[in-house]
1. Every residue in segment 278-302 that is within 16 Å of ligand 1 (Cβ to nearest atom), in contact with a Ser or Thr (Cβ under 7 Å, 6 or more places away or on another chain) and farther than 21 Å from L213 by Cβ, please.
2. Which numbered condition in (1) surrounded by 13 or more Cβ atoms within 10 Å (Cβ to Cβ); (2) free of Cβ contacts under 8 Å to residues at least 12 places away in the same chain is the only one that D299 fails?
3. Tally up the residues in segment 129-180 that are under 15 Å from T109 (Cβ atoms) and among the small types (G, A, S), please.
4. Among residues belonging to segment 305-323 that are assigned to a loop (DSSP other than H, G, I, E, B) and more than 20 Å from G190 (Cβ to Cβ), point out the one that is least open to solvent (accessible area, probe 1.4 Å).
5. Please state which one of L326, L218 is in a loop (DSSP other than H, G, I, E, B), away from ligand 2 (no atom under 11 Å from the Cβ), at pLDDT 95 or above and open to solvent by 10 Å² or more (accessible area, probe 1.4 Å).
6. Kindly list the number of the only condition in (1) out of contact with any His (no Cβ under 6 Å at 6 or more places or on another chain); (2) part of a helix (DSSP H, G or I); (3) crowded, with 22+ Cβ neighbours inside 10 Å that fails for I180.
7. Restricting the search to segment 255-284, which residues are open to solvent by less than 30 Å² (accessible area, probe 1.4 Å) and either in a helix (DSSP H, G or I) or under 24 Å from G225 (Cα atoms) (or both)?
8. Out of everything in segment 1-51 that is within 15 Å of ligand 1 (Cβ to nearest atom) and of a type in the set (K, R), what residue ends up being most open to solvent (accessible area, probe 1.4 Å)?
Amino acid sequence: MKKAFLTGVTGQDGSYLAELLLAKGYEVHGMMRRSSSFNTKRISHIAHSLQDPASRFHLHYGDLTDGSALNRLLKTIKPDEIYHLGAQSHVRVSFDVPEYTGDVTALGTLRLLDAIRDANIAAKFYQASSSEMYGLVKETPQNEETPFYPRSPYACAKVYAYWITKNYREAYGLFAINGILFNHESPRRGENFVSKKITHTVARIKAGLENKLLLGNLQAVRDWGYAPEYVEAMWRMMQQDNPDDYVVATGEAHTVQEFVEEAFRLVGLNWEQYVSTDPRYYRPSETPTLLGSYKKAKDKIGWEPKVKFKELVKIMLEHDLKEHGLTLS
Ligand code: NAP
Ligand code: GDD
């Protein structure tokens, strides 16, 4: 039985990937950090089996800032595949905690790669690289060859993590790869990312619990896909014989305002009556527009997106309306 080790198992992608790997028959080991309140909401439906001695799902405490814990975990678990999804992943927040973001998101990746060397295991390694690395984009659409121009402490940390992954592949022959994923969303998306903030608030407005939605830059353009499909792409990259880097995207670009318009349209409300902008939600330097080409992923690993923009908004909104006993008519 193959063993997988996941950082970020309590996050959006970690939760979907854990489900996928369990369904494929893997033994799954997830690392979670200690928190004063429960941070296992997204995995509670699979974590309930933890007491069962036959369970193939295991949770371990650890932190990306704690290299000795990472070393110990890899030496004990000896995984075949490592999916490194843990990060301080919020771009706006990275301007408030730049040093912490660098420590977790950049150096955390180095610590984990070094732990693979220390444990002397032949594990494959997946790095959750980001389209944010393209920042002030040098060409459109962006592909695996497009130069980076990061625009936030988060994106700078991800550029470091990208290159250290590539360096360990070249220097030590590790099967270490980068999935350069464009924005991907789902009902499990964190509530301070714009997609979830919109659908969550629109559902509350429809339920009569809220009467405004405060946002930042409505003109930002993103290539939004559906998270469960993106974790499938991660797994496919890891099943290849040779390590390589891949862009995962939908090839469709929409503004934040279009996301807002579509969500309000679905519930039959006029968005302009509810939405205002607030300087708190702007970034000191923005990534104005992202659009990815998934050609290499399609050609080499047979992956392509199925859920596109309008269906994504609908999936997320339907889920959030259901929380209030409402449905789309
Ligand atoms: P997420 O929901 O924010 O999850 C991040 C995960 O990292 C959580 O499990 C979090 O734990 C964990 N974490 C944070 N700080 C940590 C630390 N110091 N030590 C150990 N774990 C820590 O992010 P996501 O959307 O699933 O994204 C997964 C990865 O892909 C991230 O690396 C992100 O930067 C990258 N990425 C995401 C997208 C996207 O659009 N979603 C696109 C490209 C790349 P808690 O639950 O305790 O907070
Ligand atoms: N979060 C947020 N909140 N963003 C807003 C808001 C708001 O109120 N109003 C406008 N935006 C704009 C942001 O300025 C940005 O241009 C866009 O909406 C998307 O913001 P987020 O949803 O926070 O995502 P992101 O693109 O900054 O980063 C996400 O995608 C990256 C991949 O490109 C994160 O998941 C990163 O971890 C990931 O690497």
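1. L290, L291, G292
2. Among (1) surrounded by 13 or more Cβ atoms within 10 Å (Cβ to Cβ); (2) free of Cβ contacts under 8 Å to residues at least 12 places away in the same chain, D299 violates only (1).
3. 8
4. P305
5. Only one candidate qualifies: L326.
6. Of the numbered conditions (1) out of contact with any His (no Cβ under 6 Å at 6 or more places or on another chain); (2) part of a helix (DSSP H, G or I); (3) crowded, with 22+ Cβ neighbours inside 10 Å, the odd one out for I180 is (2).
7. T255, V256, F259, V260, E262, A263, F264, V267, V275
8. R34
The values are calculated or read from the model by the stated rules, or taken from the named source; none is laboratory data. Computed from a predicted structure; not experimentally measured. Cβ sites come from the backbone with ideal geometry, for glycine too, and all protein chains shown count toward neighbours. For the accessible areas, the whole protein counts, side chains as well, though only heavy atoms, and no ligand, DNA or RNA atoms are used. Shrake-Rupley method; radii C 1.70, N 1.55, O 1.52, S 1.80 Å.
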